[in-house]
1. Given (1) under 29 Å from A:Gly77 (Cα atoms); (2) within 21 Å of the chain's Cα centre (by Cα); (3) surrounded by fewer than 24 Cβ atoms within 10 Å (Cβ to Cβ), where does A:Ile258 come up short, assuming only one miss?
2. Return only the number of the condition from (1) surrounded by 20 or more Cβ atoms within 10 Å (Cβ to Cβ); (2) away from chain B (no Cβ under 14 Å); (3) in contact with a helix residue (DSSP H, G or I) (Cβ under 7 Å, 6 or more places away or on another chain) that A:Leu252 does not satisfy.
3. What's the total number of residues in the range A:286-311 that are under 16 Å from A:Gln175 (Cβ atoms) and in contact with a helix residue (DSSP H, G or I) (Cβ under 7 Å, 6 or more places away or on another chain)?
4. Which of (1) in contact with a helix residue (DSSP H, G or I) (Cβ under 7 Å, 6 or more places away or on another chain); (2) small (Gly, Ala, Ser); (3) within 28 Å of A:Phe356 (Cα to Cα) does A:Ala113 not meet, given it meets every other one?
5. From the list A:Thr139, A:Thr132, which residue is crowded, with 21+ Cβ neighbours inside 10 Å and either in the same structural domain as A:Thr101 (by TED's automatic domain parsing) or outside any helix (DSSP H, G or I) (or both)?
6. Hey, can you tell me all the residues within the range A:262-272 that are among the aliphatic types (A, V, I, L, M) and buried (at least 24 other Cβ atoms within 10 Å of the Cβ)?
7. Here are some residues: A:Gly107, A:Gly176, A:Gly182, A:Gly147. Which one is crowded, with 22+ Cβ neighbours inside 10 Å and at positive phi?
Amino acid sequence: MTRILLRILCCFLVMTPVYAKDYLIKNATLHTLTSTGVIKNADIYVSDGFIMQVGRQLSIRTKHQIIDATNKHVTPGLIAAWSQIGLEEISAAESTVDHRTTLSRYGASFNIAPALNFKSTLIPHNRTQGLTRAIVAPTEGEKLYQGMGVAISLSNIQPELSQEVIAQFARYGDQGAKIAGGSRAAAYMDLDLALQEADYLRNNRSQYKPGHDWHFSLSVGDLDSLKLVLEKKIPLVVHVHRSDDILTLINLAKKHHIRLVIRGAAEAWMVANELALAKVPVIIDPLMNIPSSFESLAIKLEGPAMLNEAGVKLSFSNMSSHNAYLVRQSAGNAVTYGLPAEEAIKAMTINTAEIFGIKNYGTIELGMEADLVIWDGDPLEVTSHADAVLIKGVKQSMVSRASRLKDRFWDLSNITNKAYVK
Amino acid sequence: MSYIIAFLRTLFVILIVVVLSACDPVPESSTEVASQPFESTYNPPTTSSFLIEHATVLTGKGKQLNDASVLVEKGVIKSVGNNLYAPANVIRYNADGQWVTPGLIDVHSHLGVYPSPAIESSEDGNEMTAPVTAEVWAEHSVWTQDPGMPLALAGGVTTFQVLPGSGNLIGGRGVTLKNVYARSVQGMKFPGAPHSLKMACGENPKRVYGERGQAPSTRMGNVAGYRKVWIRATAYRKKWDDYLAAIGAGQELDEPERDLQLDTLAEVLRGNILVHNHCYRAEEMMIMIDIAKEFDYKISTFHHAIEAYKIADVLAKENICSAMWADWWGFKHEAFDHVRENAAMVNKAGACAIIHSDSDIGIQHLNQEAAKAMAAGNKSGLALQPKDAIAWITSNAAQAIGIAEKTGVIEEGKMADLVIWSGNPFSVYSKTNKVFIDGRLVFDRSDDSKKTVSDFELGILAPEGERR
């Protein structure tokens, strides 16, 4: 029944300009990330951007292209849970960086969406390595509440500018204390006060008019933006490392009934049970095991496995943009240190989708958008590569600026002639 | 002081004899050999002989031996191969299903000079008070209790070169250390390893000094800065060499004034200190090669050589190593032309390829970094094997820092710096099981009593426990 409904839905989609063809991916090892688990020698039928059938030896009558995936693995396209893709071309070149502002009037209300650059070279660089989506977030700034992020698709056709805000980002711990005059205690008071004021404002909004002389700790714009957090429409993602700081934030979230997500999370494994009980997910880089500050002394490679064991929902990011795709190496290392492989892949797909409320993406099953990667080997292995990438059913180019440079210099004879490109 | 001069005189006479007999026109004298300040005190304890059996051995120099053994006696590799004879009483490690490689070597680390936790008071890697600080030595900044060191050891790194940062045109001397617990940096210094000189091209020095309104503020300013100081160093070297030749010939002369900065540079000109040059762009590397020719010194290695693939043929011809990342790019403009196949392309051209870390995280999985760089080359059509790519983090690295005679390869007579891996080290799933330095078991994953805990980590999380 659902299938029929989807068919009808797809007919509508055909009316709009969609470049998706129909594909039959044959004979693959599928990492479905559903209760079905891994299926070997299985096929996926993709039509009009959606996964329409999953099973063994599918027979499809309508016109389609076959992608032979014998001895290959298929996963959903990967998503980076925290990045600045599209907001930064060269990190040290200020003019190419848009994910932060030194203006103190923008904190929670700082929305990075208008700045996104869909011609960024970071998009093909990451896409050709199997990353199909990314959460894009603000950084730094002058306030504890740093602003709002969006989810982007790394498609080379019809880049989609999603204006839908998916999270509010903030910081506590060392970074938060630095903003709050040097003390965590002041940072806590400011985080708490802003939520109280935002709550007051949303209940008394009609009494407020421009020019009104209301005294809040933040601008009315910033407080308005926190409404989405108070209404639980979006999570509050807080950067924090120390175990007791995490507990402090769990209590703050309980007090204000908000959806909390912990990012960084060096010492999260020490409070894994508390995080599980409070249903607080964790965005973490499993490869990060250096005690780089006094707030992250207990960091270790076994952390992600221990969090999973306790029932904490994991989401992975290597906190990088240029190489956001290397989240796969981080995930592989989490498996080496005890995390089940399918949990590691979920932390780069469906878990992140669920945390940020991204619909119809993240598993291989009927009705999901066809963000799919065909890997030439184990998707968690450092020597594996993406052979083909589909985003919303559209097969993507596997060319990037780096691959063009490689082609130009692969053979160094007659190098001066290579300036001329057909 | 007269003792030193007497020593120098004797040394110089010996050198002259050697030089004349070899008909070498370059006198290999030194103003420093006599005093040997901050000499290595590393002295590995005598260890029992042992045999690693039934392992897949990557020798570090192009060979993979299956079901092979490695015999170690007195901290030195005695033999490697199939069906080795070993005395009945040696300790035997059954490495069935496991792989053995030389201990990994990182030619670019800031462990100890930018230690963890990163707090301002211990950031000691970059003396950014003048564009040329050849007089500073990284070893004088090393905090031996950096918790990054035991972590690197757990990643199989037995030797690493600590370099000053890249804020200066000439940042100072680097030092090569054995990854062992010690109370002093002298206790970690690799015996007999040459010093290195850290030089830097491009954005960093011109930004640091340009922002202060002083030279250099451009790349051409950088080049003028190197050349000006090499002119002084050449004159200084000549003054000292002439002096030593004169007193060697029996003349009585006043000793020339010593200059700590020029001492180091003169030693580079004499070939006793190896040049490690941070340089991203092809055209800048080509300029640096010409400067080296102008002043008659040798560049050992270009570090962070993002564009090495563009001039791999030249680097092969000039016999200069390239130390590269597998995949870092885009953090600054000079790192924009990265290709994932860089190391593979340098290797393909017959040049010396090295994977380095410049990172306290990367140093812990140099094997994975090499694996990614190898796989990228293979995806573009090459057929690189682990036996080839292991050289990028062992023998080639040893060559770059002047210790290839001593370590970096599993063969008779080399230091027994060895790693036993749970499986193929070019897999994300493989971990180190055991690490040996000079035949001493310094890390054993299955035995907590064989895991280094730095002074810093002792009782830091809980008074009775250790951070690990």
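1. (1)
2. (1)
3. Of the residues in that region, 2 qualify.
4. (1)
5. A:Thr132
6. Passing the criteria: A:Ile262, A:Ala265, A:Ala266, A:Ala268, A:Val271.
7. A:Gly147
Here is a yes/no grid of residues against (1) assigned to a helix (DSSP H, G or I); (2) touching a Ser or Thr at 6+ places or on another chain (Cβ under 6 Å); (3) of a type in the set (D, E, K, R):
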| residue | (1), (2), (3) |
| --- | --- |
| B:Ala215 | no, no, no |
| B:Val223 | yes, no, no |
| B:Asp241 | yes, yes, yes |
| B:Glu255 | no, no, yes |
| B:Thr264 | yes, no, no |
| B:Met285 | yes, no, no |
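The values are calculated or read from the model by the stated rules, or taken from the named source; none is laboratory data. Quantities reported herein were computed from a predicted structural model and do not represent experimental measurements. Cβ: placed from backbone, ideal geometry, glycine included. Neighbour counts: every protein chain shown.
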